[in-house]
Amino acid sequence: MTDKRIPEMKEYLRENLSEKRFVHSLNVADAAKRLAEINGADADRAYLSGLLHDICKELPPKEQLELVRRSEFAVSEAELNAPKTHHAIAGAVFVKEKYGITDPDVLSPIRWHTVGKGGMNIYEKILYMADLISDERDYPDCERIRSITYGDIERGLYEAFKWMMTENIAKFRIIPKSTFDAYNEYTALMQKRQSEL
Ligand SMILES: [Fe+2]
Ligand SMILES: [Fe+2]
């Protein structure tokens, strides 16, 4: 069911995010909805997680960390030491407290949208990819990953995690174990598919 507070949520996002990130949030919500429709998932849930996924991105780092400390989700050492990942964990806590959202298929995708994890369910997969292929994204290779993902979300995930691993290595970053797990999972899936050809 469509959440009646969506106009109110959009207003909050417009006031608390930069114009660029507000547009990104709307586009991720639209991409998540489209991916849900393609993959037989509930479009309203996917839309909501897309809309709210970066809600804490522009909160002061200290406030993000306070929210992270209240999270019921497990938080790895690598994430604790990577402030750029905090807004995802913080976001899941924030939307639960502010809007009373308890649906795990909305909260968990928000929590995992930066680092990913092994064994993601369809809503977690959808948000992870929607964040990378939303309309305004224009990094090199975006067009290719976007078209792969709309045709085959798992292949999109493989490409995305492959890119994420190389990016992390190139930028001298510690890679969270959950990102490794996701990379290995989709690589194994692609290997399996190849062996079945
Ligand atoms: Fe984010
Ligand atoms: Fe995002």
Which residue fluctuates most in the GNM of the chain (Cα springs below 10 Å): Tyr12, Tyr139, Tyr128? Tyr139
Quote the convex hull volume per residue of the chain, based on C-alpha atoms, as a whole number of Å³. 119
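Let me check against my output: what whole-number percent is the relative contact order of segment 6-195, with C-alpha pairs under 8 Å and at least 6 apart?
On the way: 244 pairs, mean separation 39.6, N = 190.
Over segment 6-195, the number comes to 21 percent.
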Relative to the chain, whose Cα atoms define the longest principal axis, helix 142-151 and its Cα axis are tilted in degrees, nearest 10, by 80
Relative to the first principal axis of the alpha-carbon coordinates of the chain, what is the inclination of helix 177-195, with its axis defined by its Cα atoms, in degrees from 0 to 90 and to the nearest 10? 40
In degrees between 0 and 90, to the nearest 10, how far off the longest principal axis of the chain does helix 6-16 point, with axes built from Cα atoms? 90
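Shape call for segment 1-66 from the C-alpha gyration tensor, a ≥ b ≥ c root eigenvalues: rounded (a/c under 1.5), prolate (a/b greater than b/c) or oblate? Can you show the working numbers first?
Numbers: a/c = 2.06, a/b = 1.90, b/c = 1.08.
The shape class here is prolate.
Please report, in debye to the nearest 20, how large the charge dipole of the chain is about its Cα centre when each Lys and Arg carries +1 at its beta carbon and each Asp and Glu carries -1 there. List each step's numbers first, then the result.
Values: 29 positive and 33 negative charges, 68 e Å.
That gives the chain a dipole magnitude of about 320 debye.
Only the coordinates and a few stated rules stand behind these numbers; no lab work does. Note that the coordinates shown come from a computational prediction; the quantities given were computed from them, not determined experimentally. Heads up, the Cβs are rebuilt from the backbone with ideal geometry, glycines too, and the neighbour counts pull from every protein chain shown.
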